[in-house]
Structures are given as structure tokens and as C-alpha cells.
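**Q** First the structure, then my questions, so here it is.
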Amino acid sequence: AITNAHGTYTRDLPLGSYTLAPSGSDLYPVCPVGSPAVLELTALVPLAALDLADSSLIDLDLQALISAGPARPGFVHQVQAQVRNLSGQLSSTVDVTLTFNPQLEFMGSVPSASSLVGNVATWTGLPAMAGLDMLDISVDMEVPADVGLIGSPIAYTMNVSQSFAESDLANNIATWYDVISGSFDPNEKI
């Protein structure tokens, strides 16, 4: 049985005796104390409720991901950043830094950046991430209306940090490379 968004599950079973245990080697049961749990469904007691709790054995690991749409002179260029918690562990509050090319203009973001200094935007004190949680940041950048920029390389570097120990710090940084392209073609499918 798989739980729904509220953590509850149901399973229709014929009367009989059953054992219930978590699957997978990356979990350890917290409750019930005895595992697997025994369930008896009889004619006198046809319904049973069993609360389960387990915890993940996978060490905390946050991952930074970044992508962007086409960059064209005179248009808004959208950047999508995402932080993923690849574990079942809770993180501390999260800080994200995005470094971008100085010729681009930072227009705004959701959530709003905590600070913008030159070509570095920072989000500090973002909420702690629950296990397997994701955090999205959407950034609008403006490419100056200068056709001389066509063919110029651009890059974004995103760093994510939090104060708890992590199993893999190498994936806390992500980089996106692109080139400023020509005029807007409404038939382009990228």
C-alpha cells in the first residue's frame, strides 16, 4: 500500500492473518516496536487500524539544479533553479547563491532574493527542507537590446548550502552555459 498526501493508506483484504513490514533496505521501523506487525481480520473484528512510522537510513543530501530558456537581445530571459533533498532527512534552513553574467540585468525572482550585489543574487534563510522535498526559484533576467551580444556566451552558477552534514557536497553546485541567440522565431520549438 502507498500512502496518500496525508500519510494515510487503506487496503481491502479478505478475512485472515497478515503481517505488515516496510519494504526496502533504506528504512528502519520506529513503530510498531515489533516488525513485522501482525494483523488479524476476523468476522468479529473485520476492520483494523495500524499506525506505522519509519525513518530513512539515507544520509542528508541536497542537490542544486539550474536551467534557462533562450537568451535574446531585448527580451526577458527566464532562469529556473531548483534545490532537491535527495534523502529522507530534514535539512536546516537553506541558502542559495546565483552568479550571472554582469551584462544581464536581474529583473526579479520568486521567491524574492534576500540581496543583490552586482551580479550575485542571494536567498538566505529559506525554509528547512523535509525529506524528498523540492524548492523552486524562478528568476527573470533582461538581455540588453544590443545585437552585438548575439553569439556571446553566458553562464549561471548556483550554490546551495545549509548547516547540517551532507553525504555529497559535489552536487550542491550547478552551472548552466548558453549563448545569446538571434531574433525571436515564433515557430522555434526549443
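The values are calculated or read from the model by the stated rules, or taken from the named source; none is laboratory data. Predicted model, so just to flag it, every value in this text is computed and none were measured. Positions of Cβ are backbone-derived with ideal geometry, glycine not excepted, and every protein chain shown enters the neighbour counts. The area values use the complete protein model at the heavy-atom level, side chains included, leaving out ligands, DNA and RNA. Shrake-Rupley method; radii C 1.70, N 1.55, O 1.52, S 1.80 Å.
**Q** Say we look at the range 138-190 and pick out the residues that are in contact with a Pro (Cβ under 7 Å, 6 or more places away or on another chain) and not in a loop (DSSP other than H, G, I, E, B); which of these is most open to solvent (accessible area, probe 1.4 Å)?
**A** Checking each candidate, the answer is Tyr177.
**Q** Which one of Ala113, Ala121 is part of a loop (DSSP other than H, G, I, E, B), more than 13 Å from the chain's Cα centre (by Cα), modelled with pLDDT of 95 or more and hydrophobic (A, V, I, L, M, F, W, C)?
**A** Only one candidate passes the filter, namely Ala113.
**Q** In the range 82-99, which residues are in contact with a Phe, Trp or Tyr (Cβ under 9 Å, 6 or more places away or on another chain), hydrophobic (A, V, I, L, M, F, W, C) and open to solvent by less than 10 Å² (accessible area, probe 1.4 Å)?
**A** Within the range 82-99, Val94, Val96, Leu98 meet the criteria.
**Q** Pick out, from the range 1-58, the strands (runs of 3 or more DSSP E) lying fully within it that include 2 or more residues that are modelled with pLDDT of 80 or more and of a type outside the set (A, V, I, L, M, F, W, C).
**A** 16-20
**Q** Which is assigned to a strand (DSSP E or B), surrounded by fewer than 18 Cβ atoms within 10 Å (Cβ to Cβ) and within 13 Å of the chain's Cα centre (by Cα), of Leu65, Leu135?
**A** Going through Leu65, Leu135 in turn, just one is assigned to a strand (DSSP E or B), surrounded by fewer than 18 Cβ atoms within 10 Å (Cβ to Cβ) and within 13 Å of the chain's Cα centre (by Cα): Leu65.
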